[in-house]
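Report on one structure; see the data block that follows.
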Amino acid sequence: MLYYFFDIDGTLLLSGGAGRVAMTQVMKEMFDLDELHRVEVHGRTDRGIVEELFSKHKIPLDQQRRIEFSDRYHDLLPESMQQCEGLLMPGAVDLLEQLSELPKVKLGILTGNSESAAWTKLKHFGLDHFFEFGGYGGDHALRDDVARQTLVNCRNTYPDHTIEPAQAWVVGDTVNDITCARAIGAKVVAVATGGADLASLQEHQPDLLLSDLSDHQHFLNATHGSVKP
Ligand SMILES: [Mg+2]
């Protein structure tokens, strides 16, 4: 059995900045801020992004504010996805279709998005039905912790499976995706459609490096070809 843990932004789709638009609107509503300090979002978690955003604006982030921010962000995101011109990454849908038809393959999500934001983005593009479990960045500031949680959630989803980390393939677009895979002992496909170029991904030695997800045969041979029946 193989378990694929897919990142969302920059790997399966681009939201066209929908998250940033929604977050900017929330900060406007909560604190009357017109312009936000820039915060790196590629490969980061929602929790980490929000913590840095509040810190840069010198606004204390207590539990009540965290919940208020998160609730409003999740309210606004579906409309923000409609407004922003996002797109699917080349080959992503066909690859998910091929993987989902294979026996002994399970598909999950490993994303920096909070759970609600992740499913909003997947549903917007009709990708939600491919995935049966996930780990999310709403509760963990560090992506390595999201990876650990994804493995736990995967095991909880299939309690009768014995799941070794080496049976998991993380698929993601940033150096953080590679390092979080290593943190749990998983293999990793790095794809240069989002937050990093081929050369910087190569430096961190992913098991497979692709310019995009359109060469399905290459992807399947490298990740699935080695699986024992
Ligand atoms: Mg990403």
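The values are calculated or read from the model by the stated rules, or taken from the named source; none is laboratory data. Note that the coordinates shown come from a computational prediction; the quantities given were computed from them, not determined experimentally. Using ideal geometry, Cβ is built from the backbone for each residue, glycine included, and neighbour counts are taken over all protein chains shown. Just so you know, the surface numbers come from the protein's heavy atoms only, side chains and all, with ligands and any DNA or RNA stripped out. Shrake-Rupley method; radii C 1.70, N 1.55, O 1.52, S 1.80 Å.
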(request) Work out the length of the dipole vector of the chain about its Cα centre, built from +1 on the beta-carbon of each Lys and Arg and -1 on the beta-carbon of each Asp and Glu, and round it to the nearest 20 debye. (result) 480 debye
(message) Solvent-accessible area of Asp139, probe 1.4 Å, all protein chains present, reported in Å² to the nearest ten, please.
(response) 120 Å²
(request) Tell me the GluC sites (Glu not before Pro) within the stretch 14-101 that lie in a loop according to DSSP and have at most 14 other beta-carbon atoms within 10 Å. (result) Glu35, Glu40, Glu85
(request) For the chain, calculate the relative contact order in percent as a whole number, restricting contacts to Cα pairs under 8 Å that are 6 or more residues apart. (result) 27 percent
(request) Send over the Kirkwood Rh of the stretch 84-196, from the inverse of the averaged 1/r over different Cα pairs, rounded to one decimal Å. (result) 14.6 Å
(request) Using only protein heavy atoms and a 1.4 Å probe, report how much of His74 is accessible, in Å² to the nearest 10. (result) 40 Å²
(request) At a 1.4 Å probe radius, which order do Ser15, Ser214 fall into by accessible area, largest first? (result) Ser214, Ser15
(message) At 1.4 Å probe size, what's the solvent-accessible area of Ile49? Round to the nearest 10 Å².
(response) 10 Å²
(request) Find the eigenvalues of the gyration tensor of the Cα atoms of the chain, then list the square roots of 5 times those eigenvalues as equivalent ellipsoid semi-axes, largest first, in whole angstrom. (result) 30, 18, 17
(request) May I ask which of Lys121/Lys187; Lys58/Lys123; Lys28/Lys121; Lys28/Lys123; Lys28/Lys106 have a Cα-Cα span longer than 30 Å here? (result) Lys58/Lys123; Lys28/Lys106
(request) Report the Stokes-Einstein translational diffusion coefficient (µm² s⁻¹, integer) for the stretch 4-101, Rh taken as the Kirkwood radius over Cα pairs, at 4 °C with viscosity 1.567 mPa s. (result) 87 µm²/s
(message) Suppose we flag trypsin sites (Lys or Arg not before Pro) only when DSSP calls them loop and at most 14 other Cβ atoms lie within 10 Å. Which is the longest uninterrupted stretch of the chain?
(response) 105-229
(request) Decide, for the stretch 72-119, between rounded, prolate and oblate: order the square roots of the alpha carbon gyration tensor eigenvalues as a ≥ b ≥ c, take rounded if a/c falls under 1.5, and otherwise choose prolate if a/b is larger than b/c, else oblate. (result) oblate
(request) Any chance you could check the Cα centroid distance between the stretch 138-197 and the stretch 102-133 for me, in angstrom? (result) 13 Å
(message) In the chain, if the dipole is taken from +1 on Lys/Arg beta carbons and -1 on Asp/Glu beta carbons about the Cα centre, which of Ala222, Val152, Leu87 is farthest to the positive end?
(response) Val152
(request) Round to a whole angstrom and tell me the spacing of the C-alpha centers of the stretch 2-66 and the stretch 68-90. (result) 11 Å
